[in-house]
Amino acid sequence: MTDIKERLLAIHQRIEACALTCHRDKNEIQLLAVSKARSVSDIKAAMSCGQRHFGENYLQEAQAKIAALSDPAICWHYIGPIQSNKTRAIANSFDWVHSVDRLKIAHRLSEQRSPEKPPLNICLQVNISAEPTKAGLAANDVGAIATEVASMKQLRLRGLMGIPRATSDFEQQRLQFRQLRHLLQRLQLQLPLLDTLSMGMSNDMEAAIVEGATWLRIGTAIFGPRPASNGAMPNYSPEP
Ligand SMILES: *Cc1c(COP(=O)(O)O)cnc(C)c1O
């Protein structure tokens, strides 16, 4: 078995075991393989084990892989920072965008998404740990923006995404994910179709599952430690 296959199997077992302990249906918990800084052949290895959803952080890198793989069976998710001059390409290269944190970006994505395509699935990124250096909306601003984004023609608002403050303490992880869940539950009173909590990475996926994650965004636990960014991936230079 390849490393990727073994790791993917192990992840699915962890999801299943955790879902059992917290009485959740494992089918509500989807796995997004975060393939930033990974090669096309790594993605193919994951695909051969049935993985279909891949997440990318940098547009240029993602576009190269999308073109190289050119496979309509893959569902591409954008999870990185969004510059406004990149919205047209993002709107039309991806099926999901998890990292919307400004109204202006949402407007542009909706206007620029091709009318022939189905609406783009959107999560609003929330700065749950309120760290000043982190991307994401302040929790207090989410309600007003969600209502507007939900009305945009070529967008389908699905829910919230968060990246908590890094900690190895399970209860601290849970506390942060719980805040995101409570925020979603409040939004659902107005927007009952919201169904998505994009939260949980390699080091905190169990805490995220217990608190209701529907998309786990997992990189290293599937593909192994990320290669150093100092030229190890010569064709993929992250944008400034
Ligand atoms: C890199 C990244 C991940 C995956 O992180 P791992 O720790 O490798 O699982 C998830 N979400 C976002 C937004 C990322 O940038």
At 7 Å along the Cα-to-beta-carbon direction for both residue 111 and residue 93, put a label point, then send me their distance in nm to one decimal.
2.1
Might you work out the accessible area of residue 170 for me, using a 1.4 Å probe with all protein chains in place, and round it to the nearest 10 Å²?
90
For residue 129, distant residues with modelled amide H under 5 Å away
165
Are there any trypsin sites (Lys or Arg not before Pro) in the range 59-110 that are in a DSSP loop and have at most 16 other Cβ atoms within 10 Å? List them by number.
102
Put 2, 87 in order of accessible area, largest first, probe 1.4 Å, and you get 2, 87
Of every hundred units of 1.4 Å-probe accessible area on the range 2-223, the number belonging to carbon and sulfur atoms, as a percent, is 50
Theoretical ellipticity at 222 nm over the chain - DSSP helices of four or more residues, -39500 (n - 2.57) apiece, nearest 500
-12000 deg cm²/dmol
Highest-MSF residue in the chain out of 17, 68, 46 [GNM, Cα springs under 10 Å]
68
Can you give the relative contact order of the chain as a percent, counting alpha carbon pairs under 8 Å and 6+ residues apart?
22
Given R₀ = 22 Å, what would the calculated FRET efficiency be for residue 14 paired with residue 129, taking r from the Cβ atoms and rounding to 0.05?
0.40
Full-extension gain in nm, residue 169 to residue 182, via 0.36 nm per residue minus C-alpha separation:
2.7 nm
At residue 30 and residue 67, where each label point lies 7 Å from the Cα along Cα→Cβ, what is the point-to-point distance in nanometres?
2.7
Per residue, how much accessible area does the chain show when a 1.4 Å probe rolls over the protein heavy atoms, in square angstrom?
48
Extend 7 Å from the Cα of residue 21 along its Cα-to-C-beta direction; within the range 135-175, residues with backbone N under 17 Å of that point are 168-175
Alpha-carbon radius of gyration plus Dmax, which is the widest Cα pair, for the range 20-160 in Å
15.7, 45
Electrostatic dipole magnitude of the chain [Cβ: Lys, Arg +1; Asp, Glu -1; Cα centre; debye, to 20]:
360
GluC sites (Glu not before Pro), restricted to the range 1-106: which are DSSP loop and have at most 11 other Cβ atoms within 10 Å?
none
Over 26 Å [Cα-Cα, the chain], rounded percent:
36
Rounded to 0.05, the calculated FRET efficiency for the beta carbons of residue 60 and residue 148 at R₀ = 25 Å is 0.25
Pairs of Lys in the range 2-223 closer than 29 Å at Cα, counting only those 8 or more apart or on different chains:
29
So what does residue 96 come to for accessible area, using a 1.4 Å probe and Å² rounded to 10?
20
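The values are calculated or read from the model by the stated rules, or taken from the named source; none is laboratory data. Predicted, not measured: the structure shown is a model, and the values here were computed from it. Note that we place each Cβ from the backbone using ideal geometry, even for glycine, and neighbour counts take in every protein chain shown. Side chains are part of the model used for accessible areas, which takes the heavy atoms of the whole protein and leaves out ligands, DNA and RNA. Shrake-Rupley method; radii C 1.70, N 1.55, O 1.52, S 1.80 Å.
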